[in-house]
Structures are given as structure tokens and as C-alpha cells.
1. Accessible area per residue, 1.4 Å probe, Å², for the range 1-147: what's the number?
2. Between [x] 1, 7, 15, 21, 21, 18, 10, 4, 1, 0, 0; [y] 1, 6, 13, 15, 14, 11, 9, 9, 8, 7, 4, 2, 1, 0; [z] 1, 5, 10, 14, 16, 16, 14, 11, 7, 4, 2, 1, 0, which matches P(r) over Cα pairs in 5 Å bins from 0, in percent calculated for the structure shown?
3. Over the chain, calculate the relative contact order: mean separation of alpha carbon pairs under 8 Å at least 6 apart, over the residue count, as a percent.
4. Among 116, 100, 5, which residue has its Cα furthest toward the positive end of the charge dipole of the chain, with +1 on Lys/Arg Cβ and -1 on Asp/Glu Cβ?
5. Using alpha carbon centroids, what distance separates the range 78-147 and the range 20-46, in Å?
6. Given a 1.4 Å probe and every protein chain left where it sits, what share in percent of the accessible area of the range 80-199 is carbon and sulfur?
7. Put +1 on the Cβ of each Lys and Arg and -1 on the Cβ of each Asp and Glu in the chain; which of 52, 90, 186 then has its Cα farthest toward the positive end of the dipole?
8. Run the simple label-point estimate for residue 31 and residue 127 please: 7 Å along Cα→C-beta, distance reported in nm.
Amino acid sequence: MNTDIDRERGVLSPADRAYLLGEREMSHDQSKRNAEARIRRRVRAAILDFDLLLHTLAEKDRRQVFEAAATDEEFLDGFRTMLAFAYLGLEESGTDFETVLEPAVRSCEEFLAASGDERVSVDVTFDVETTVESSLSGVVSRLEAGEPVTPRELFTVVMQGDHDPTAHDRIAIADADADDLRDGFLERLATYLGGELRYVTNSRAIIDLGGE
């Protein structure tokens with residue numbers, strides 16, 4: 001998670017970022033509601049702006065925006081979380097992500113082919129198979145007992161929000177897979193929690209939090 005408040009304004013202003021990260025206190029409940037409503041409006045407006053960007057932004061400008069994707073891991077992580085935000089929001093609203101993903105990919109592939117004076121037939125397949133491996137309450141119980149959790153289990157607890165992992169002095173991490181280590185996911189998670197990450201073995205680590 002990118003926690004740099006003072007980045008150039010995007011969808012969120014620096015004040016919005018500070019509020020979401022808990023670094024800006026609101027003196028009244030109404031101020032809090034106003035901030036949350038403002039953020040919702042900006043997110044919706046930004047989503048609608050992508051229609052304009054897709055159809056009117058010059059190709060040279062689009063290429064310059066994305067040129068860092070091949071080398072900037074933080075930039076790539078932004079794309080992952082952008083898609084995750086869309087996936088989560090659509091699923092929660094009862095709209096299948098597939099209904100957005102398929103026509104988007106199909107139209108872009110057709111555009112790219114036409115740019116090369118070709119006409120193509122595009123088949124887009126999107127399948128998600130989920131297997132329940134642990135319950136959220138079980139993960140929380142293991143955290144409270146000081147037992148190891150996986151990086152993804154810890155992330156789920158953080159996202160759910162009812163349990164504060166920073167209440168613990170340390171969090172034991174087990175079964176960190178190669179992807180979590182290679183793309184810096186575990187490091188970013190530790191930074192977000194305000195902890196210090198240290199590795200015990202190649203697949204086991206400790207996040208020291210110094211909690212009360």
C-alpha cells in the first residue's frame with residue numbers, strides 16, 4: 001500500500017489520503033461524513049473520466065503514462081490494487097466482474113488489430129475458483145495466540161477491519177510464497193502496519209510491531 005500522503009493530487013487530495021490513513025482527525029461527525037461523501041464523489045467522477053481518457057487522450061500521452069510499467073513495481077502494484085478495488089466493488093454490488101472485463105478486453109484487442117490493418121475474433125475467458133482454506137475468525141484466533149499466519153491471511157484481516165493486528169507486539173508469518181517475496185507484498189504489508197520485517201527462513205518471517 002502506498003502511504004505517501006504528499007504525492008501530487010490524483011483522485012484523492014493529500015487531505016483525503018491523510019484522512020483515510022487516520023492521520024487527520026475530524027472534530028465533528030458531520031465533518032467526517034462530509035469527507036467520506038467527497039471521496040465517494042471523486043471516485044465516481046474519476047471512473048467516468050476514464051471514458052473520456054480512453055477516447056480522447058493522444059496515443060503519445062497514453063504511452064508516456066504507461067512507460068514506467070515495465071520497471072516500476074510500485075506503479076504495477078497500483079494497477080493491481082486498481083483492479084482489486086473494481087473487482088471487490090462490483091462483486092459486492094452484485095455485478096459480475098466478467099461483465100466489465102470481457103467487453104473491455106475484446107474491444108481493445110479489436111482496436112489493436114485494426115491498427116495493424118487486421119480483423120480478429122476475440123475469445124475472452126475469465127474463471128475464478130475459490131476454495132475456503134481458513135475462516136477469518138480462525139485467523140484472528142491464531143494472531144491472538146501468537147501463531148503464524150500467511151501474508152494473504154493477514155491482509156484479509158487488515159482489509160476486513162474489525163481486528164487491529166497492530167495491537168500485538170509481533171506477528172509471525174509462515175508459508176510466504178515466492179510471489180509474495182518477489183513483488184514486495186510482505187514488505188509493503190509490514191510498512192502499512194508500521195512494523196519492522198525480519199526473515200527467519202526463506203518462507204518464515206516476523207513483523208515486529210512493539211504493540212502494547
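The values are calculated or read from the model by the stated rules, or taken from the named source; none is laboratory data. On a predicted model such as this, the values are computed, not experimentally measured, just so you know. Cβ atoms come from the backbone with ideal geometry, glycine included; neighbour counts cover every protein chain shown. Accessible surface areas use protein heavy atoms only, side chains included; no ligands, DNA or RNA. Shrake-Rupley method; radii C 1.70, N 1.55, O 1.52, S 1.80 Å.
1. Per residue, the range 1-147 has an accessible area of 78 Å².
2. The value matching this structure is [z].
3. 13
4. 5
5. 27
6. 51
7. 52
8. 5.3
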